[in-house]
Amino acid sequence: MKSLGNLAKTTFLEFGNAIATSNTSSNPFTGGGIHPLTRYVMNYIKTLTEYSRTLNFLLNDQCIEDSNPALELEDRQGIEDSFSSTFYPTAHHLLSITSTLKSSLDSRSKLYKDAALQHVFLMNNIHYMVQKVNSSKLMFFFGDEWKREHIAEVRQHATSYERATWSSVLSLLRDDNQRSHSFSKASFRERCRAFSIAFEEVYKSQTGWSIPDLELREGLQISTAQNVIQAYRTFVGRISGHISDKDIKYTVDDLEKYIFHLFEGSPRSLHHAFIRRR
């Protein structure tokens, strides 16, 4: 039994090491979707929960000297409230593996040159991890606190994506209050043109990005649309009396429709879409 326990512990450690050293590619995962490593690791540890009783028995006498300080297992209220100490050995190793996976994902995210895509990639993969935990016996080992923390991380990456993508684009629509009455028609036309070009660039790149989970994708589309449409509607309302409608390339309805094309994993050209509409 002791030898089997040592072997189980060694297998966990080797699996963690394999995850940590698996990032040998210099190319980012296309589209920022769910990385195959994330799917493999989460499905693997999900399967292990079917043997949790045996694993706890084998690992119970193993001294966990290599405890990952990032886990702070003994402080995890969710696990302490739900389980006896016999659950700690397996829980420790499962949490250690997911911690290593997150570190690997963080490293992989840095391969993207676009900061917004880094956040989309991490949002996708952490959301997938939460889904796997929440829909399986893994929840018994990870606890509510782990779930809350990682849902918060998903939301934070969504917010960071919006900031990284849209702050500079929407700044083209804002006025300096001290100069808001001094803009000429030519200036208004130029700002419309600059915004249209910036929006088209976002559309061209981000329609090719992927958010596989429908609920997650629609949530980010809705949040993005609310922010962008509000700013654009205010801008169009302010300038509509100064320039003709033909100088305003996109209507509010156009933008809303196009935002809901984002993250579908199929690059599109807004220029062609606009020509067809015209």
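If packing is taken as the average number of other Cβ atoms within 10 Å across a peptide's residues, how do 215-222, 114-121 rank, most packed first?
So the peptides 215-222, 114-121, ranked by packing, come out 114-121, 215-222.
Among the listed pairs Lys9/Lys137; Lys110/Lys249; Lys46/Lys204; Lys2/Lys137; Lys46/Lys102, give every one whose C-alpha distance is greater than 28 Å.
Details: Lys9/Lys137 20 Å; Lys110/Lys249 36 Å; Lys46/Lys204 38 Å; Lys2/Lys137 26 Å; Lys46/Lys102 16 Å.
In this structure, Lys110/Lys249; Lys46/Lys204 lie more than 28 Å apart at Cα.
Spin-label point model (7 Å from Cα, Cβ direction): what's the Gln226 to Thr47 distance in nm?
4.1
Work out, step by step, the length gained on full extension between Lys257 and Ala152: first 0.36 nm times the residue separation, then minus their alpha carbon distance; give nm to one decimal. Show your work: numbers first, answer last.
On the way: separation 105, 0.36 × 105 = 37.80 nm, distance 2.83 nm.
Between Lys257 and Ala152, full extension yields 35.0 nm more.
Determine, from the Cβ-Cβ distance of Arg163 and Lys2 and an R0 of 35 Å, the FRET efficiency 1/(1 + (r/R0)^6), rounded to the nearest 0.05.
It comes to 0.10.
Which value in nm describes the separation of the simple spin-label points at Lys110 and Ser26, placed 7 Å from the Cα toward the beta carbon?
For the pair Lys110/Ser26, the computed spacing is 1.6 nm.
Please work out the C-alpha center-to-center distance from region 99-123 to region 1-49 and express it in whole Å.
Spelled out, the Cα-based centre of one part sits 17 Å from the other.
For Glu14 and Lys185, what is the calculated FRET efficiency with R₀ set at 51 Å and r taken between the beta-carbons, to the nearest 0.05?
0.15
Any read-out appearing in this document is the output of simple, stated calculations on the displayed coordinates, not a laboratory observation. What you see is a predicted model, and the numbers here were worked out from it, not measured in a lab. When we count neighbours, we look across all protein chains shown, and the Cβ atoms used for this are built from the backbone with ideal geometry, even at glycine.
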